[in-house]
Amino acid sequence: MIGPVSLALRSITHHRVRTLLLVLCIALVAALPLAIQLLMLRHESTITTRATDTPLVVGAPGSRFDLLLHSLYFRTTPARTLSLADAERIGEERIEERPLATAIPLFLDDTARGHPLVGTTLDYFPFRGLQVSRGTLPQLLGDAVVGEEVAESLGVGVGDPLLTDSGRLYDIGSTYPLRLRIVGVLARSGGPDDRAVFTSLRTTWVVRGLGHGHESLDADSDPALLLGTGEGAVTASAAVRTWTEITDENRSSFHFHGEADAWPVSAIIVVPRDPRSGTILRARLSVDPLLESIEPREVLDETLSIVLRVKRFFDANTLLVGTATALLLILVFALDWKVRQRERETLLKIGASRGWILRVATIELLLILGAGAFVAVGSVILGVLALDRTFGI
Amino acid sequence: MSSATPGTPHLRGARVRCEELGFRHPGGDSSLSLASVDLEPGSRTAVIGPSGSGKTTLLHLIAGILSPDRGTVTLDDEVISGLPEAARRRRRLAGIGLVFQEFELLEHLSVRENISLPFAIDPALGSEGRSGRVEELAGRLGLGPLLRRHPRRLSHGERQRVAIARALVVGPRLLLADEPTGNLDPRTGAVVLDQLFAEAERAGTTVLVVTHDHSLLARFEQVIDLESPEPGGGS
C-alpha cells in the first residue's frame, strides 16, 4: 500500500526533468558557500594551530607577514638573513643561570625538485611532533628526510637520491645542484611539513655554495675529462659533473670558508621554557634593532581579519545570489502548485483532507531540498578532496 | 422532471433524500433549485439537463463536496449537509464513490496505485482485507494485465474503468458518476456503463449518473430532469 512518502516519491520520479533541474539549482546555490565555509574552517584550523604552537619567531627586520609565511609555511624568502651567531645568542639567553628558551634555526633559500629545502637542527622534529615513518632523521652532511607528500608525489623513498634545483641558471659562478641522499620519510602531519624536504643547516649551506668538497681528478678519472695537467694544476672539462654529491668517500673533504658565526639562518623559532621566560625573552629581543621578533598567532590573526573582511563581501554576494535563486525556486514551486491544482481538487473530491494534501506536497518539497543538499554536500566533499590532492590546500 | 420506477431495494446501497435544495455558486450565474429527490437503496438514477442547469452541482451537494444554501441532503438517516466539512469528507471517502468525465487519474501513479488511492488517503480503509479488492476489481474490469501501467499508456475506455475501480474499491454504498461516458465513443461508453452497473449491482450500490446521452436513459430506473419547470425530484 502506498502512503504520503511513496506518493511524493512517485511524483518526483515521474517529473524527472523538473526534479533534476530543481535539485541541481539547490545544489549549486548551497555548494559554493558550503565549500568556502568548509575550506575556511579546515584551513583556519590547520593554519591557526601551527601558529598557536609556535610561540615566537625571530628574523631580520622586514615584513612580519613574510617572516610568518617563511618560518611557518615555507613560503617567500626574507630579503635579509640573520646569522648562526644570532641563533646561538638567543639560545644562550639566561636568567639565574637557566636558559630561557630553545632556539631552532631555519635556513630556507633553495628547493629540491620544486619542494622547499629546509635546513634546520634535530630540535625541529620533536618541536613539531614529526616522526619518521620510514628510515631515520638526517644525521650526516648530504642526508635529507622528506615529507609524506614529497615522497608520494616524487615517488621517492629511503635510499633514493634527490637533486636540489638550480636556482641561478645564468650565474656561471654558482654551485652545482647537490645530490641529496634520502634517509627517511616523515609520517603525515597534515601541514606544510608534508610538502618539504628537511636537511641539516650545513647541507643547505653547501647547496648555497658556502661549503664545498673537492673532486679528485687522477689516473682513475675518465681521460676525456682531463684537459691537461701542469705544475701542481689539473685542467678538467666543465662536463666533469653536473651535480655535486656528498659520499662517504668525499665527505671529509667538505669544508666551509669564513667565520662559522656568520653563516646564514633565515629565521629562528624560539621555544621559551615557560611563559615567564617567554615574557623576559620578548622584552630582551624587542630592544635589539637588528632582530624582528613576532608572535605568529598575533600576525596570523591580523592576516585572517583581512581575509575575513574579503569573505564577508563574498558572503554578501552569495546571499544575494542565494536569495534570487530561492525566489526562483519559490516561483517554480508556486507554478507547479498551480499546474497541479486539478490533481489536488481530485484528491479533495475523493475525500482527502487539505492537511493530507499539504503533507504530501511538503514531503515532496523536502525530498527535493534534501536531494539538493545531498548533492551539494557530496560535491563539496569530493571537491575538497580533489583540491587537497591536486593543490595540497 | 421525469421519473421512472424505483429499483428493487438493496440492503447494501444508501438511501438518499434531498429536500428543498438550493445552491448558488458564489459570483456565478448558475444555480440549483430542487424540491425533493429520493434515491432508493440500490437504485439507478440518471440526472439530465442542459449545461448550467446544476447537474454536477447536485452531485457535489449529495457527495458533501458542496454545502447547500438551503435544504438538506440525507444519507440514510443522517443529514450530511449539516455536517462540518471534515465529517462530510470522511463519509465521502468511506461511503461514496465518485467517477468523473475526465477520469481524473493521477498521472504519476500506476493503475494499481490509482485504484488504491483511497487506501493511501486513509490507511484504515485498507484494513479488513479490503485492499485485496484492488486485484479483484481490476480483474473483473479487465484491468488485470494493466495494473503496472501508468494512465498515459491507457486508452480512454481503460482510464475510465480505472476511475470506476477507484470509486468502487472501498465498497461505497453510493456511486456518483459525472458523465462517465462523455469522453468515450458510444460503443466503449456502453461497455463501460455495463461494467459500472454490473459492479454496482453486485454490491447493491445506489447509483446516480449525470448524462447528456438520452439513449442511455432506458437503462435507469429513475431520471431527474433539471430542465423541467416542475420543481422536485421525480420518482
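Every number in this text was worked out from the coordinates using simple rules, so none of it is lab data. Keep in mind it's a predicted model, so treat the numbers as computed, not measured. Here the Cβ is made from the backbone with ideal geometry for all residues, glycine too, and neighbour counts use every protein chain on show.
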Under 5 Å from the placed amide H of B:Leu98, counting only residues 5+ away or on other chains, we find B:Leu176
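As an exercise, use a Förster radius of 45 Å and the Cβ-Cβ distance of A:Arg80 and A:Asn317 to find the FRET efficiency, rounded to the nearest 0.05.
Values: r = 41 Å, r/R0 = 0.90.
Efficiency for this residue pair is about 0.65.
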Could you work out how far apart the two model spin labels at A:Leu20 and B:Glu107 are, taking each label as a point 7 Å from the Cα in the direction of the beta carbon, and quote it in nm?
-> 1.8
Could you work out, residue by residue across B:118-126, how many beta carbons of other chains sit within 10 Å of that residue's beta carbon, and then give the average as an integer?
-> 4
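What are the membrane-span-like helices in chain A by this rule: whole DSSP H runs, Cα extent along the axis at least 30 Å, mean Kyte-Doolittle hydropathy at least -0.5? List each step's numbers first, then the result.
Numbers: long enough: A:16-52 (51 Å, 1.17); A:296-339 (61 Å, 0.89); A:354-391 (54 Å, 1.54).
Passing helices, by number: A:16-52, A:296-339, A:354-391.
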Neighbourhood charge, 13 Å Cβ-Cβ cut-off, centred on A:Val23 and excluding it, Lys, Arg +1 and Asp, Glu -1 | +1
Whole-angstrom Cα spans of the stretch B:16-225 along principal axes, big to small | 47, 39, 33
Sketch the reach of a paramagnetic label on A:Thr325 as a point 7 Å from Cα along Cα-to-Cβ, and name the residues of the stretch A:25-51 whose backbone nitrogen lies under 14 Å away.
-> A:25-37
Amide H proximity to A:Asp110 below 5 Å, modelled H, separation 5+ or other chain, gives A:Leu117
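Only helical DSSP H runs with n ≥ 4 go in: add -39500 (n - 2.57) per run for chain B, normalise by residue count and round the 222 nm mean residue ellipticity to 500 deg cm²/dmol. All intermediate terms of the calculation are to be shown ahead of the outcome.
On the way: 7 runs with 69 residues, N = 235.
Taken over chain B, the calculation gives -8500 deg cm²/dmol.
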Excluding residues fewer than 8 positions from A:Lys349 in its own chain, the lysines with Cα under 21 Å of it are A:Lys338, B:Lys55
Give the value in nm², to one decimal: projected area of the alpha carbon convex hull of the protein assembly as shown, averaged over all directions.
-> 47.7
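Roughly speaking, what is the stretch gain from A:Ala386 to A:Ser63, that is 0.36 nm per residue apart minus the C-alpha to C-alpha distance, in nm to one decimal?
Numbers: separation 323, 0.36 × 323 = 116.28 nm, distance 3.32 nm.
Here the answer is 113.0 nm.
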Hey, what D do you get for the stretch A:56-294 in µm²/s if you plug the Kirkwood alpha-carbon radius into Stokes-Einstein at 20 °C and 1.002 mPa s?
-> 111
Simple spin-label estimate for A:Thr229 and A:Val332 in nanometres, 7 Å along Cα-Cβ = 8.6
A student applying the Cα gyration tensor rule (rounded when a/c is under 1.5; otherwise prolate if a/b is larger than b/c, oblate if not) would label the stretch A:253-393 prolate
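Grab the beta carbon distance between A:Ala187 and A:Asp274, set R0 = 30 Å, and tell me the FRET efficiency rounded to 0.05. Don't skip to the end; give the middle numbers.
Working: r = 29 Å, r/R0 = 0.96.
The value I calculate is 0.55.
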For helix B:156-168, what angle does its Cα long axis make with the longest principal axis of chain B, in degrees from 0 to 90 and rounded to 10?
-> 80
Remind me, relative contact order of the stretch A:56-294 in percent, using alpha carbon pairs under 8 angstrom and six or more residues apart?
-> 32
³J(HN,Hα) computed for each position of the stretch B:171-176 - Karplus, 6.51 cos²θ - 1.76 cosθ + 1.60, integer Hz, glycine/proline x = x, x, 8, 9, 10, 10
